[in-house]
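One structure is given here, and the rest of the page talks about it.
Read-outs: derived from the displayed coordinates by stated rules, not from any lab. Computed from a predicted structure; not experimentally measured. Counting neighbours? That spans all protein chains shown, and the Cβs are built from the backbone with ideal geometry, glycine included.
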Amino acid sequence: MGKNVECQVCGKPAALEALIEGARVPVCEKCVRFGRIVSRPVVPVKRQAPLKKAVEAPEKLLVQGFGALVMNAREAAGFSRDELAKKIFIREHELAKIEEEKLRPDERTARKLEFALGIKLYEDIGLEIEMMRTEKKRSGKDFTMADMVELREET
Ligand SMILES: [Zn+2]
């Protein structure tokens, strides 16, 4: 059924389908009382895909595979989890979770990890995000999660 389905009782736009005298007919919200409701809604509800929602882009993004990066760098440096955790003042199970990517380190922790292991945990796309956001604003659009995904894939 298309968008312009009419209520079979009063002719207004139908939103539902009801069983009236044995037949399934489109009806509006008001006329549904003449029958028994069988479905809702007939008219497809336009749902916004979450990806198209405007987002406040974070200035910094953790690199993909940050957990493995931390773990490999730690092992290459010859630290046990316990040793590294003590070095940067976090708990060992916290570090374990970061390495398993069950936990995203906050910026302070990430910076300490970068410093302790000589790695880079953030992507350098903050500037590109800013440029794209400015550009989109100029044309009256929102910067969306989809744009961010696109930017990440380009890098
Ligand atoms: Zn009606």
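Here's how it looks for Val38: its modeled amide H is under 5 Å from those of Glu17, Ala18, Leu19, which are all 5 or more places away or on a different chain.
For region 64-119, just say rounded, prolate or oblate: build the C-alpha gyration tensor, square-root its eigenvalues into a ≥ b ≥ c, call rounded for a/c under 1.5, and beyond that prolate if a/b exceeds b/c, oblate if not. The shape class here is rounded.
Couplings 3J(HN,Hα) for region 132-139, derived from phi with the Karplus relation 6.51 cos²θ - 1.76 cosθ + 1.60 (θ = phi - 60°), are 5, 5, 4, 4, 5, 4, 4, 9 Hz, where x marks Gly and Pro. Taking Lys and Arg as +1 and Asp and Glu as -1, the other residues whose beta-carbon sits under 14 Å from that of Phe34 total +2. Sorted fewest first by neighbouring Cβ atoms within 10 angstrom, Glu17, Glu75 come out as Glu75, Glu17.
Per residue, the average separation of C-alpha pairs within less than 8 Å and at least 6 apart gives region 64-119 a relative contact order of 44 percent. Distances between placed amide hydrogens fall under 5 Å for Glu6 paired with Ala14, all partners being 5 or more residues away or on another chain. In sequence order, what are the phi-derived ³J(HN,Hα) couplings for region 84-100 according to the Karplus relation 6.51 cos²θ - 1.76 cosθ + 1.60 with θ = phi - 60°, rounded to whole Hz, with x for glycine and proline? For region 84-100, the Karplus curve yields 5, 4, 5, 4, 10, 6, 10, 7, 4, 5, 5, 4, 4, 5, 5, 5, 8 Hz. Annotation for region 1-35 versus region 74-121: alpha-carbon center distance of 61 Å.
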